[in-house]
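Trainee: One structure, pasted below without further comment.
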Amino acid sequence: AVLENGLREALEQNQFLLHYQAQMVGGRQITGVEALVRWRDPRRGMVSPVEFIPLAEETGLILSLGQWVLETACTQLARWATRAEMEHLTVAVNVSANQFQQGDFVEQVLAVLERTGANPNRLKLELTESMLISNVEGVIAKMSALKGRGVCFSLDDFGTGYSSLSYLKRLPLDQLKIDQGFVRDILIDSNDAAIAKMVIALAESLGLSVIAEGVETEAQRDFLAGLGCHAYQGYLFCKPLPLEEFEAFLQRA
Ligand code: G
Ligand code: G
Ligand code: MN
Ligand code: NA
C-alpha cells in the first residue's frame with residue numbers, strides 16, 4: 001500500500017521519466033530507440049520498472065502511467081522530427097496488456113498522435129505474446145486500425161510466451177524481437193542458438209523484420225549476423241540513457 005500511494009503520488013508529481021536505448025542496424029547505424037520508463041523516487045532514488053510495473057498493473061495505475069509514457073515518447077518523437085540528425089528515428093513504446101485491452105485503446109493512441117504531432121510511421125508499439133492470445137479477432141481489429149494510420153508493431157520477448165504459430169501469421173505485425181534470454185548464452189547454449197535461428201527464419205518467412213535485444217558483446221552480435229539478424233539493441237551499443245545523454249550519444253555516433 002505504501003508503494004501504491006507512492007506510485008499515485010509519483011504520477012501527480014511528475015517523478016517518472018523516460019530513458020532511451022538505441023536500436024541499431026548493422027552495428028553502426030542508429031535507426032531508432034526504445035523508450036523505457038524510470039521512477040525517480042525522492043526517497044529511494046531511481047527505481048526500476050521491474051519493481052513498479054507489476055504493482056501498477058495490479059492497481060490499474062498502469063493506465064495513467066502508460067498514457068503518460070506514450071504521450072512523453074510521442075512528444076519527443078515530434079521534437080526529434082525537427083532536427084536533421086534525429087528526424088529518421090523511430091520510437092518504440094512498451095504497451096501493457098491492461099492498456100491494450102482497453103476498449104478505446106486505438107482512440108487513445110490516435111489522440112496522442114494528434115495532440116503531439118508525432119509521425120505515426122515512426123511510432124512502434126511493443127506488444128507481448130500473452131496479450132495477443134485471447135480475443136484474437138479483437139486484437140487484429142485494433143492492430144489493423146492503428147496500422148492503417150501508419151503505426152508499427154513489434155512482438156517483444158518473443159519466444160518466452162505461448163507463440164501459436166497459426167495466429168502469429170494472422171497478426172499485422174512488423175517485427176519480432178528476440179528475447180534477451182536467448183541472446184545471453186547464444187554462444188554456449190546450442191538450444192538458445194537454435195531458437196534464435198528459428199525466430200530469424202520465422203520472421204523472414206512471415207515477411208517481418210527481426211531485432212535481437214540484450215546484445216552485450218561483439219561475439220554475440222557477429223553470431224546473430226551470421227544467422228541473418230542485422231538489427232540489435234543492447235549494452236554493446238548503448239545502455240538506456242536519460243534524454244540529454246542519449247542525444248549526446250547520437251551526436252558522437
Ligand atoms: O529497462 P528495463 O529495466 O528497462 O525494463 C524492465 C521491464 O520493464 C521490461 O520488461 C520492460 O519491457 C518494462 N518496461 C519498461 N518501460 C515500460 C513502459 O513504459 N511500459 C511498460 N508497460 N513496461 C515497461
Ligand atoms: O522487456 P523489454 O524488452 O521491454 O525490456 C528491455 C529490458 O532489457 C530493459 O530492462 C533494459 O534495460 C534491458 N536491457 C537492454 N539492453 C540490455 C543488455 O544488453 N543486457 C541486459 N542484461 N539487459 C538489457
Ligand atoms: Mn520492450
Ligand atoms: Na524483451
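Read-outs: derived from the displayed coordinates by stated rules, not from any lab. From a predicted model like this one, the values you see are computed outputs, not experimental measurements. Cβ: placed from backbone, ideal geometry, glycine included. Neighbour counts: every protein chain shown.
Trainee: Taking the alpha carbon gyration tensor of the chain, what are the square roots of 5 times its eigenvalues, largest first, to the nearest whole Å? Write out the running numbers ahead of the final one.
Mentor: Values: eigenvalues 144, 99, 76 Å².
Listed largest to smallest, the semi-axes of the chain are 27, 22, 19 Å.
Trainee: So, one more: Can you give the calculated 222 nm mean residue ellipticity of the chain, where each DSSP H run of n ≥ 4 adds -39,500 (n - 2.57) and the sum is split over every residue, rounded to the nearest 500 deg cm²/dmol? All intermediate terms of the calculation are to be shown ahead of the outcome.
Mentor: Working: 11 runs with 114 residues, N = 253.
Helices in the chain give a 222 nm mean residue ellipticity of -13500 deg cm²/dmol.
Trainee: Shifting gears a bit: Tell me which residues come under 5 Å, amide H to amide H, from Val33 once H is placed; ignore anything under 5 positions away on its chain.
Mentor: Close amide H contacts, sequence-distant or interchain: Gln23, Thr90, Val91, Ala92.
Trainee: Calculated FRET efficiency, Arg170 and Ala111, Cβ-Cβ r, R0 22 Å, to nearest 0.05? Let's see the in-between values first.
Mentor: On the way: r = 27 Å, r/R0 = 1.23.
Efficiency computed from Cβ-Cβ geometry: 0.20.
Trainee: Normalised by the number of residues in the chain, what is the relative contact order in percent for Cα pairs under 8 Å and 6+ residues apart?
Mentor: Details: 409 pairs, mean separation 48.2, N = 253.
Relative contact order here is 19 percent.
Trainee: Can you list the residues, at least 5 places off or on another chain, whose amide H is less than 5 Å from the amide H of Ala212, using H built in the peptide plane?
Mentor: Ile178, Ala231, Tyr232, Gln233
Trainee: Students often get this wrong, so check it: of Lys147/Lys197; Lys142/Lys197; Lys169/Lys197, which have C-alpha atoms separated by over 26 Å?
Mentor: Working: Lys147/Lys197 28 Å; Lys142/Lys197 30 Å; Lys169/Lys197 18 Å.
In this structure, Lys147/Lys197; Lys142/Lys197 lie more than 26 Å apart at Cα.
Trainee: Now for a different question. Please give the contour-minus-distance gain from Thr82 to Ser134: 0.36 nm per residue of separation, less the Cα-Cα distance, rounded to one decimal in nm.
Mentor: Working: separation 52, 0.36 × 52 = 18.72 nm, distance 3.99 nm.
Result: 14.7 nm gained on full extension.
Trainee: A further question on this structure: Between Tyr235 and Ala194, what is 0.36 nm times their sequence separation minus the Cα-Cα distance? Round to one decimal in nm.
Mentor: Numbers: separation 41, 0.36 × 41 = 14.76 nm, distance 2.28 nm.
Fully extending the segment from Tyr235 to Ala194 adds 12.5 nm.
Trainee: Suppose every K and R has +1 on its Cβ and every D and E has -1 on its Cβ; what is the size of the dipole of the chain about the Cα centre, in Debye to the nearest 20? Walk me through the numbers on the way to the answer.
Mentor: On the way: 22 positive and 32 negative charges, 109 e Å.
About 520 debye.
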